[in-house]
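To start, the structure under review is shown below, and the notes come after it.
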Amino acid sequence: MAGLDPAGYRMAPLIRRLPACLRALRVPSIAVAKDLLTRQPPKLQLAIDALLIGTSSFFRDDLVFEHLADEVIPAMVARTGKPRVWSAACSNGMELYSVAMMLADHAALSLKQLLGTDFRSEAISEAERGIYSPEAASGIPPTLAKRHLIRGKASVAVAPAIHASVRWECRDLLTDSDPGPWDMILCRNLAIYLESGVVAQLWKKLRAALAPGGVLVVGKAEKPRLNGLTQVGPCIYRKHPVE
Ligand SMILES: C[S@@+](CC[C@H](N)C(=O)[O-])C[C@H]1O[C@@H](n2cnc3c(N)ncnc32)[C@H](O)[C@@H]1O
């Protein structure tokens, strides 16, 4: 894969995505795909976009977002004013816009304060647009939806203040350097697709990118077991403050 090291990924999920990859390339077989990609390397991006799984949703995992809303965000805002938040492997942006809406309700949001990154350019373009289907937006709690969404005929857009609070970048999380320190990093539902050695390196890298006392939020099936990180809520780990 162009720029991505496929050795870092678990084989089974990649194999499950092969039919989608062939459909995206409009070829009937792996042999034809190989030939096409050799002749037209720019098509590799299409193949990668189809191989990586980008499922996401607003306020995904109720328990996690309840804990963020009730405990983590109020304390973080009290401590830092305007917390710096990075959604690493952000997919279509729904995850980070969810956090932005919660911060806006604490008057803790400013221009370009948050960062969303993903390897797939297609996902970053969707995040940048900030326009979603009404069905996708139905996961947003009604009080937040009322304040932070603009409803069109067939779509909804995140409100300008929410939109302007985020910058989006295409990055390979496994090889690119981190732009820390962050008060909160969300890295959810990527590690499940990676080989265990790569996952261990990823957690170390994210721990290093957190500010002392900052929190790492992971997916339901992910458990970073690292010195210096203590679980403080469902899927939420706090980096120890400097002694
Ligand atoms: C299942 S989605 C998770 C989205 C969101 N974090 C959530 O939990 O709702 C996983 C994302 O990881 C991205 N991804 C996979 N490998 C990556 C890499 N090496 N660098 C950056 N993003 C990557 C994929 O493109 C995909 O958008």
message: Is the C-alpha gyration tensor of the range 82-172 telling us rounded, prolate or oblate? Criteria: a/c under 1.5 is rounded; beyond that, a/b larger than b/c is prolate, otherwise oblate.
response: oblate
- prompt: By its C-alpha gyration tensor, with a ≥ b ≥ c as the square roots of the eigenvalues, how is the range 133-240 shaped: rounded for a/c under 1.5, else prolate for a/b larger than b/c, else oblate?
  reply: prolate
- request: Enumerate the calculated ³J(HN,Hα) couplings along the range 68-79 in order (Karplus 6.51 cos²θ - 1.76 cosθ + 1.60, θ = phi - 60°), each rounded to whole Hz, writing x wherever the residue is Gly or Pro.
  value: 4, 5, 7, 10, 6, 5, x, 5, 5, 5, 4, 7
- line: Largest fluctuation, N189, N92, N227 only, Gaussian network model of the chain with Cα springs under 10 angstrom, belongs to N227
query: Which loop-located trypsin sites (Lys or Arg not before Pro) does the range 171-243 contain, where loop means any DSSP state but H, G, I, E or B and the Cβ has at most 14 other Cβ atoms within 10 Å?
result: K220, R225
Within a Gaussian network of the chain (alpha carbon springs, distance under 10 Å), most fluctuating of L111, L186, L216: L111
Dipole moment magnitude, nearest 20 debye, the chain about Cα centre, only Lys, Arg, Asp, Glu C-beta charged: 320
task: Report the one residue of V215, A107, G180 whose Cα lies farthest in the direction of the positive end of the charge dipole of the chain (charges on C-beta: Lys and Arg +1, Asp and Glu -1; origin at the Cα centre).
output: G180
message: Please compute the modelled spin-label separation between Q40 and I53, points set 7 Å along Cα→Cβ, answer in nm with one decimal.
response: 2.8
query: Comparing H148, H163, H106, which has the greatest mean-square fluctuation in the GNM of the chain with Cα pairs linked when under 10 Å apart?
result: H106
field: Pairwise FRET efficiency - A7 versus T80, Cβ, R0 = 45 Å, nearest 0.05
entry: 0.75
statement: Taking every DSSP bridge whose two residues both lie in the chain, the antiparallel percent to the nearest 5 is 45
- prompt: Using only helices, what value at 222 nm comes out for the chain when you add -39,500 (n - 2.57) per DSSP H run of length 4 or more and divide by the total residues, to the nearest 500 deg cm²/dmol?
  reply: -10500 deg cm²/dmol
task: Tell me which residues come under 5 Å, amide H to amide H, from Y9 once H is placed; ignore anything under 5 positions away on its chain.
output: E195
statement: Under 5 Å from the placed amide H of L149, counting only residues 5+ away or on other chains, we find A159
The chain pair-distance distribution - Cα-Cα, 5 Å bins, rounded %: 1, 6, 13, 17, 19, 16, 12, 8, 5, 2, 1, 0
- prompt: Of the trypsin sites (Lys or Arg not before Pro) in the range 60-150, which ones lie in a loop per DSSP and count no more than 11 other C-beta atoms within 10 Å?
  reply: K112
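Throughout, read-outs are computed from the coordinates displayed, never taken from laboratory work. These numbers were taken from a predicted model, which means no experiment stands behind them. Methodologically, a virtual Cβ is constructed for each residue, glycine included, from the backbone with ideal geometry; neighbour enumeration extends over all protein chains shown.
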